[in-house]
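Q: The structure under discussion is supplied below as structure tokens; questions concerning it will follow.
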Amino acid sequence: MEAAGCRAEDWNKVDVSEDFDVSHVRDVSFAGENELYNCSGKGGIYNAIIRNCSIGEDTLIRNIGREIANYHIGKSCKIENCAAIHTSGESTFGNGCMVKVHNEAGGREVPMFNGLTAQIAYIMCFYRHYGNVFARIKESIDTYCEFIRSKGGRIGSNVSITDCGEISDVIINDSCVIEGAVLLKNGTVGFDDEYGKLHVDAAPATIGRGVQAGNFIILGGSKVSGGAMIENCFIGEAVEIGKQFSAENCLVFSNSQLFHGEACSVFAGPFTVSHHKSTLLIGGTFSFYNAGSGTNQSNHLYKSGPRHSGILERGSKTASGSYLMWPARTGAFTVVLGKHCTHFDTTCLPFSYIVEKNGCSFIKPAINLTSYGTWRDINKWQQRDNRSLKRDLTDFDINNPYILQRLQHAIEFLDNLRNNSFDKDSNILLIENDADCKPYKHLYIYKKDLDNAINLYDMAVLAILGHAVENLKSLPDDETDEMPETENSCHTWIDMAGLYTTVDEVQRILNEICGQPMFYQDPLKILKASLDNWHTNRRAAAWRETIGQASTSHRSNGMQPEELATICKEAQKTLTRLIDEDKDKEDHDLLKIGFGMDGVCGKDDDYRMTLGEISGN
């Protein structure tokens with residue numbers, strides 16, 4: 001090899017396989033202890049400094065500016081035109097880094113690790129007050145971090161790394177592609193199991209040009225590209241981040257898409273989407289969320305620092321140019337339009353519009369129930385689930401106990417508001433007309449909108465009850481057409497970052513974690529096993545009880561099953577008709593302006609040729 005321009009501090013420390021072909025090594029300097037396996041075909045090492053490395057069969061390494069140091073490199077890799085790939089000492093490769101999520105000022109930090117899921121993060125972020133759960137789980141994560149702590153890095157097999165700057169203290173899993181990254185420091189790319197056990201069906205991760213990342217974990221099936229900058233971030237399965245997006249102290253879970261804008265201290269649950277420039281997501285928790293262009297939030301009231309935060313529940317949207325001053329919270333499937341400096345909580349009023357008029361904030365409850373766009377969103381999410389392993393537990397069905405309870409609570413809330421006019425907890429005030437409005441004071445609701453909202457919510461309750469009654473037979477252990485006995489049942493359902501579960505179930509799991517001796521069982525394993533078991537087996541019975549509870553508390557109480565089924569079907573038909581009427585608005589002539597250019601063809605023909613039938617969208 002010396003004849004080919006190679007050098008070594010000590011050739012006795014360079015071990016090669018028996019079939020090693022020296023003709024595939026040129027202009028290479030070796031330092032420390034190295035192991036080289038056969039380089040045949042397209043493999044070889046050219047123009048590089050190799051220090052304390054193991055290099056697998058048929059791997060190509062070429063044109064390394066400084067060195068590759070302290071790395072185990074797998075088979076059939078391609079590593080070309082890179083400045084340096086090295087470790088700087090002991091590293092846990094992004095695992096254990098604390099992410100200041102939800103609150104920029106801290107207090108809800110979550111330690112990221114390769115096995116993090118949306119539900120584990122949710123518990124660590126929002127149940128910190130619950131016994132010693134946080135300490136137990138963190139100790140388990142710390143144990144894992146010590147398990148993987150190493151002075152040497154690892155690059156799996158079939159990995160491609162080309163045209164990159166510095167890669168320092170990074171583990172790169174099998175088949176991952178890194179092309180043109182500027183700086184990757186202290187992270188993990190493509191892990192698919194918490195203890196490094198690789199799955200053959202796992203999708204690789206991709207990092208594209210111009211990316212800068214520090215203290216990060218990117219799971220399989222995700223792509224970070226287009227000059228994105230991420231710092232102190234966990235990126236879950238099938239996530240896309242690019243087009244100069246900037247993220248700091250964020251947890252971004254499955255199927256999310258973040259482009260152009262900025263995120264800071266965000267808990268981005270499944271299907272969080274931001275596609276536009278000048279969009280800032282800060283100090284908030286989202287899921288199944290779509291941020292319109294220029295969406296902005298403020299977590300700083302210029303008094304005690306950026307310590308405020310907000311929650312947009314499942315399926316919420318913010319329109320172009322919308323603004324929310326935290327703290328604030330919206331109910332599920334709420335649309336926010338305009339700028340809002342009022343602090344409100346509309347958890348009790350899902351499927352609403354919150355709009356601004358003359359500096360005042362108004363809520364129009366329930367009208368999003370009849371929006372064609374809402375149901376289009378609900379149907380498209382499952383179709384756009386690109387995960388291979390599905391580690392986050394994600395529910396898609398709209399006919400579920402969580403939504404059912406929220407609808408019932410909405411009816412109760414509006415009935416009470418009719419009698420009392422003001423609700424302090426939500427900051428909602430019932431008014432007759434605009435004369436009663438003061439900017440930034442309350443969230444207002446017109447009396448004329450109240451009765452219509454109750455009717456829509458009631459219709460939706462019946463529609464879900466109808467679906468539930470039809471589906472009870474298919475639930476496990478259900479052998480009767482009768483509604484279940486539920487006198488003592490009162491489950492409170494929550495949406496845990498995409499998973500529908502009950503408060504009782506979460507408390508049961510957390511009590512189990514707290515009650516076990518430290519040496520008995522890994523709390524992470526208890527948590528994952530319990531959540532998986534709930535998701536697949538245990539919640540059917542709780543669902544039945546909730547349906548029974550809803551039936552006995554509704555005006556349909558006392559009806560025979562046949563009579564209940566009849567009014568439920570009528571509610572479903574009416575709701576479907578209202579949604580279809582909203583869909584038909586897309587066929588209005590005003591929306592066809594610009595079609596039928598120059599009169600060459602009719603507007604209708606051009607419109608449908610271009611956009612297709614509405615039912616297909």
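The values are calculated or read from the model by the stated rules, or taken from the named source; none is laboratory data. The structure displayed is predicted, hence computed values, not measured ones. Ideal geometry is used to build each Cβ from the backbone, glycine not excepted, and the neighbour counts take in all protein chains shown. Quick note on the areas: whole protein, heavy atoms, side chains included, nothing else; ligands and nucleic acids left out. Shrake-Rupley method; radii C 1.70, N 1.55, O 1.52, S 1.80 Å.
Q: Limited to segment 472-496, what total is found for residues that are open to solvent by 20 Å² or more (accessible area, probe 1.4 Å), more than 29 Å from the chain's Cα centre (by Cα) and modelled with pLDDT of 50 or more?
A: 5
Q: May I ask you to say which residue of 279, 295, 347 is within 26 Å of residue 448 (Cα to Cα), over 17 Å from the mean Cα position of the chain (by Cα), among the hydroxyl-bearing types (Ser, Thr, Tyr) and surrounded by 18 or more Cβ atoms within 10 Å (Cβ to Cβ)?
A: Only one candidate qualifies: 347.
Q: Here is a further query. Kindly evaluate residue 419 against the criterion of being without any contact (Cβ under 8 Å) to a residue 40 or more places away in the chain, open to solvent by less than 30 Å² (accessible area, probe 1.4 Å), more than 30 Å from residue 528 (Cα to Cα) and not aliphatic (A, V, I, L, M).
A: Considered against the rule, which asks whether it is without any contact (Cβ under 8 Å) to a residue 40 or more places away in the chain, open to solvent by less than 30 Å² (accessible area, probe 1.4 Å), more than 30 Å from residue 528 (Cα to Cα) and not aliphatic (A, V, I, L, M), residue 419 comes out as no.
Q: With 263, 268 as the choices, which residue is farther than 28 Å from residue 493 by Cβ, at pLDDT 95 or above and either touching a Gly at 6+ places or on another chain (Cβ under 6 Å) or open to solvent by less than 10 Å² (accessible area, probe 1.4 Å) (or both)?
A: 263
Q: How about segment 399-416: which of its residues are open to solvent by less than 20 Å² (accessible area, probe 1.4 Å) and in contact with a helix residue (DSSP H, G or I) (Cβ under 7 Å, 6 or more places away or on another chain)?
A: As a first pass, look at segment 399-416 and keep what is open to solvent by less than 20 Å² (accessible area, probe 1.4 Å): 400-404, 407, 410, 414.
Listed by number, the residues that qualify are 401, 403, 404, 407, 410, 414.
Q: Would you mention how many residues in segment 7-22 are open to solvent by 70 Å² or more (accessible area, probe 1.4 Å) and among the polar types (S, T, N, Q)?
A: So the count comes out to 1.
Q: Does segment 301-311 hold any residues that are out of contact with any Leu (no Cβ under 8 Å at 6 or more places or on another chain) and crowded, with 17+ Cβ neighbours inside 10 Å, and which are they?
A: Selection gives 306, 307, 309, 311.
Q: Further, regarding this structure: If you check every pair at least six apart or on different chains, which have Cβ atoms under 6 Å apart with a residue in segment 225-248 that is touching a residue at least 24 places away in the same chain (Cβ under 8 Å) and within 22 Å of residue 113 (Cβ to Cβ) first and a residue that is open to solvent by less than 30 Å² (accessible area, probe 1.4 Å) and charged (D, E, K, R) second?
A: Every condition considered, the pairs that remain are 237/387; 238/387.
Q: If I filter segment 457-471 down to residues being more than 30 Å from the chain's Cα centre (by Cα) and open to solvent by less than 40 Å² (accessible area, probe 1.4 Å), which single residue comes out as modelled with the lowest pLDDT?
A: 469
Q: Of the residues that sit in segment 314-335 and are in contact with a helix residue (DSSP H, G or I) (Cβ under 9 Å, 6 or more places away or on another chain) and of a type outside the set (A, V, I, L, M), which one is most open to solvent (accessible area, probe 1.4 Å)?
A: 317
Q: With respect to the numbered conditions (1) closer than 30 Å to residue 299 by Cβ; (2) assigned to a loop (DSSP other than H, G, I, E, B); (3) among the hydroxyl-bearing types (Ser, Thr, Tyr), which one is the sole condition not fulfilled by residue 88?
A: Only one criterion is unmet by residue 88, namely (1).
Q: Among the candidates 113, 20, which residue alone is at pLDDT below 95, among the aromatic types (Phe, Trp, Tyr) and closer than 24 Å to residue 217 by Cβ?
A: Going through 113, 20 in turn, the sole match is 113.
Q: Moving on. Identify, by number, the condition in (1) surrounded by fewer than 21 Cβ atoms within 10 Å (Cβ to Cβ); (2) under 17 Å from residue 461 (Cα atoms); (3) of a type outside the set (S, T, N, Q) that residue 380 doesn't meet.
A: Failing condition for residue 380: (2).
Q: Tally the residues that are surrounded by fewer than 16 Cβ atoms within 10 Å (Cβ to Cβ), free of Cβ contacts under 8 Å to residues at least 60 places away in the same chain and either assigned to a helix (DSSP H, G or I) or hydroxyl-bearing (Ser, Thr, Tyr) (or both), restricting the search to segment 110-141.
A: Summing the residues that are surrounded by fewer than 16 Cβ atoms within 10 Å (Cβ to Cβ), free of Cβ contacts under 8 Å to residues at least 60 places away in the same chain and either assigned to a helix (DSSP H, G or I) or hydroxyl-bearing (Ser, Thr, Tyr) (or both) in segment 110-141 gives 1.
Q: Can you name the number of the only condition in (1) under 22 Å from residue 535 (Cα atoms); (2) at pLDDT below 90; (3) hydrophobic (A, V, I, L, M, F, W, C) that residue 499 fails?
A: (2)
Q: Here is a check on your reading of the model: is residue 289 aromatic (Phe, Trp, Tyr), more than 27 Å from residue 164 (Cα to Cα) and open to solvent by less than 10 Å² (accessible area, probe 1.4 Å)?
A: Yes.
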